[in-house]
Amino acid sequence: MNPHKLDEKLLVCGQITPEDIDQAASAGVRLIINNRPDGEEPGQPLSADLKAKADALSIAYRYIPISGGNFDDASVMAFGDALASADGPTLAFCRTGTRATTLWALSQAGSRPTAAILSAANAAGYDLSQLRGRIETASTSSPDGPAADRPAARYDVVIVGGGAGGIATATSILKRDPKLSVAIIEPRTEHYYQPGWTMVGAGVFEPKSTCHSMASVMPKGVTWLREAAQSFQPEQNQVTTANGSVIGYRALVVAPGNMLDWDAIDGLAATLGQNGVTSNYRYDTAPYTWELVRNLREGVALFTQPPMPIKCAGAPQKAMYLSCDNWLERGVLNNIDVAFHNAGGVLFGVKDYVPALMGYVERYGIDLNFESTLIAVDGAAKTATFREKTGEVTRAFDMMHVTPPQIAPRFVADSLLADKAGYVEVDQVTMQHVRYPNIFGLGDGGSTPNAKTAAAARKQAPIVAVNLLAILKGGEPVAGYDGYGSCPLTVEKGKIVLAEFGYGGKLMPSFPKWLIDGTQPARLSWLLKSEALPWIYWNGMLKGHEWLVKPQPIERVRQAA
Ligand SMILES: Cc1cc2nc3c(=O)[nH]c(=O)nc-3n(C[C@H](O)[C@H](O)[C@H](O)COP(=O)(O)OP(=O)(O)OC[C@H]3O[C@@H](n4cnc5c(N)ncnc54)[C@H](O)[C@@H]3O)c2cc1C
């Protein structure tokens, strides 16, 4: 067997034997399509025998035989549907692979440019140039409208974004209905536990512990489309990807996170990761924070916070407190001027946590500057410029931790799904889109006015799952979100002020006050952040275990509000 790759999901080859199916299984193939009629030549393995072998290895099998060069529309459609239903890579074969490739090419008509289809076939060793006319006709004569807009694949559920919210939602959906076809559109090959980057910046976690391969977190049964979504066509129930594929859905979940706008600050992108300029907001620069902190003995250390909304609004301060704690422990804090430059007007948005934080501001001697927004960095000169009420102020620094301005992803902001700020406009209780009932949004990319945290996404995912399934069955949303989010403020190494709150700043502690009083620094909260939460993230949240986040009925949530 010598398979050729036609795209990320499909391999084609000539006649296979039952033994080849073992090899296909080891390569992760989940569906085999046989396009060769039985009995074309003596000794040819029977389709029934190949199917029996595939069944034994739990690989799906489809027999779509083509004879006499008759590529009828029903076979083309059957081939396309089979591909769409596969929960992983597909292997299609005939005598030489040409019939399988031809069916693929015809099934892709309209969802990719004709030239791209022919070139992929050519690269795999199949010259289909004589098909150009038929592919082009199919691309323009569909009864569904222009074929260029017809989906290459259609799923019950499409999820845009394989981050914290996207993966958790997929597992919560499949846990409730494993028969649904679910696809996740996600271009990255790594999945990050971003809350761990604060700990990386303080030398507590190894960077690697915060990164797993995307493949390892993709839920079983999900089709991973490894590309970026580029636009939404909600009227047609379609998403178009950056390489032009059109993906159809019955229900859509939009969870692409938010966008770090490094370029909004003049000079920042060019100097980040060097010249003493760092950020815990990136996997590759969080270790540099720790390098700077542990080597600093004297000078000026600046910590910045941009305008809201940002993900984990406490993270700019967390970096500052943990750095100060290290300098205090090493006896150098008195030689370092520490300043916090916050574009906002308060230390933390929920006032109950401010007294404990102010205690640490005083302990570390931090100079607080409110309504002071970073607008430019000169890495070589080691200066930072801030816009303040009285005008622009430029300060020299030895180290600076920057939290970048954050905006809605552009492809969402430019779409029909966006609210005025560019985020996916959903109802803050049901997470359902306000204009398109079969679309849901969650996580940092959603419009709900909660703290943008993984803790919030953890609570939202099961709610989205339950409400989406209700919609697919023709019903209405049943579960409600109360705005819960959590921000474990690492005020010193070993202690945390555990902020947990919902809409309107209502305190929502997960634990009784005698165990953890979230408004006070606590050792147990540190253990939660350093030991329990990463484990819960990887093994609970991403695997569909809904510990402490069972969806509540809408009425109960509204009554409690
Ligand atoms: C330094 C730091 C500290 C934090 N601390 C905490 C904390 O202590 N507690 C807490 O709960 N939270 C914390 N957070 C916040 C938390 O990580 C986020 O709120 C959470 O990851 C949001 O999940 P999400 O799924 O919305 O977005 P993400 O997890 O960011 O995932 C978005 C995914 O969408 C993908 N995507 C983007 N564009 C496209 C596209 N065009 N097509 C397809 N896919 C796309 C991305 O590749 C990504 O995989 C912290 C974050 C940072 C950076």
What number do you get for region 4-149 when its Cα radius of gyration is normalised by 2.2 N^0.38 Å, N = residues?
1.02
For region 415-498, I need the span (max minus min coordinate) of the C-alpha atoms along each principal axis, in Å, sorted largest to smallest.
50, 27, 14
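Take the eigenvalues of the Cα gyration tensor for region 79-230, scale each by 5, and report the square roots as semi-axes in whole Å, largest first.
Those come to 37, 18, 15 Å.
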Using only the Cα atoms of region 262-405, build the gyration tensor, take square roots of its eigenvalues as a ≥ b ≥ c, and label the shape rounded, prolate or oblate: rounded if a/c is under 1.5, else prolate if a/b is larger than b/c, else oblate.
rounded
Go through LYS5/LYS179; LYS208/LYS506; LYS351/LYS459; LYS452/LYS543; LYS5/LYS459 and tell me which ones have a Cα-Cα distance over 32 Å in this structure.
LYS208/LYS506; LYS5/LYS459
Among the trypsin sites (Lys or Arg not before Pro) in region 217-274, which ones are in a DSSP loop with at most 15 other Cβ atoms within 10 Å of the Cβ? Mind listing them?
LYS220
Give me the net charge for the shell around PHE205: Cβ to Cβ below 14 angstrom, other residues only, Lys and Arg +1, Asp and Glu -1.
+2
Can you return the aspartates and glutamates within cross-link range of LYS473? Criterion is Cα-Cα under 14 Å, with same-chain partners fewer than 8 residues away left out.
ASP156, ASP177
Heavy-atom SASA rank of TRP538, TRP290, TRP514 (probe 1.4 Å, accessible area, largest first):
TRP514, TRP290, TRP538
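What order do MET308, MET508 take when sorted by accessible area (1.4 Å probe), most exposed first?
Numbers: MET308 100, MET508 35 Å².
From most exposed to least exposed: MET308, MET508.
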Could you work out the equivalent-ellipsoid semi-axes for the chain, taking the square root of 5 times each eigenvalue of the Cα gyration tensor, largest first, in whole Å?
50, 25, 22
Counting only DSSP loop positions in region 395-433, the trypsin sites (Lys or Arg not before Pro) whose Cβ has at most 15 other Cβ atoms within 10 Å are LYS420
Tell me, what is the FRET efficiency for LEU524 and ASP367 to the nearest 0.05, using R0 = 41 angstrom and their Cβ-Cβ distance as r?
0.85
In degrees from 0 to 90, rounded to the nearest 10, what is the angle of the helix 114-123 Cα long axis to the longest principal axis of the chain?
80
In a shell of Cβ-Cβ distance under 11 Å around ASP81, excluding ASP81 itself, what net charge do Lys and Arg (+1) and Asp and Glu (-1) give?
+2
Using only Cα atoms and rounding to the nearest 10 degrees, what angle (0 to 90) does helix 354-364 make with the longest principal axis of the chain?
70
Report, by chain and number, residues whose modeled amide H sits under 5 Å from the one on GLY480, excluding near sequence neighbours (fewer than 5 apart, same chain).
GLN552, ILE554
Between VAL393 and GLU136, what length comes free when the chain is fully extended (0.36 nm per residue of separation minus the Cα-Cα distance, one decimal in nm)?
86.4 nm
Return the distance in nm (one decimal) between the two label points of a simple spin-label model at ASP352 and MET77, each offset 7 Å from Cα along Cα→Cβ.
5.8
Under-5 Å amide H pairs with ALA499, H placed in peptide plane, nonlocal only:
CYS487, LEU489
Candidate cut points under trypsin sites (Lys or Arg not before Pro) in region 452-487, DSSP loop plus at most 13 other Cβ atoms within 10 Å of their own Cβ, are LYS473
Which stretch or stretches of region 369-392 have amide N atoms under 16 Å from the point lying 7 Å from ALA270's Cα along the Cα→Cβ direction?
375-385
How much accessible area does VAL332 have with a 1.4 Å probe, in Å² rounded to the nearest 10?
20
Once the dipole of the chain is set up from charges on Cβ (+1 Lys and Arg, -1 Asp and Glu), the residue from the list TYR155, THR101, PRO462 lying farthest towards its positive end is PRO462
Accessible-area value, LYS543, 1.4 Å probe, nucleic acids and ligands omitted, Å²
100
Taking the full set of protein chains and a 1.4 angstrom probe, give the accessible area of ILE247 in square angstrom, rounded to the nearest 10.
10
Probe radius 1.4 Å, ligands and nucleic acids left out: which of MET431, MET77 has the largest accessible area, and how do the rest follow?
MET77, MET431
Tilt of helix 315-329 relative to the longest C-alpha principal axis of the chain, in degrees (0 to 90, nearest 10)?
50
In sequence order, calculated HN-Hα J values of region 535-545 (Karplus, 6.51, -1.76, 1.60; Hz; x Gly/Pro)
5, 4, 4, 5, 9, x, 4, 7, 10, x, 8
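The values are calculated or read from the model by the stated rules, or taken from the named source; none is laboratory data. Keep in mind it's a predicted model, so treat the numbers as computed, not measured. Note: ideal-geometry Cβ built from the backbone for every residue, glycine included; neighbour counts use all protein chains shown. Surface areas here come from the heavy atoms of the whole protein model, side chains and all, with no ligands, DNA or RNA. Shrake-Rupley method; radii C 1.70, N 1.55, O 1.52, S 1.80 Å.
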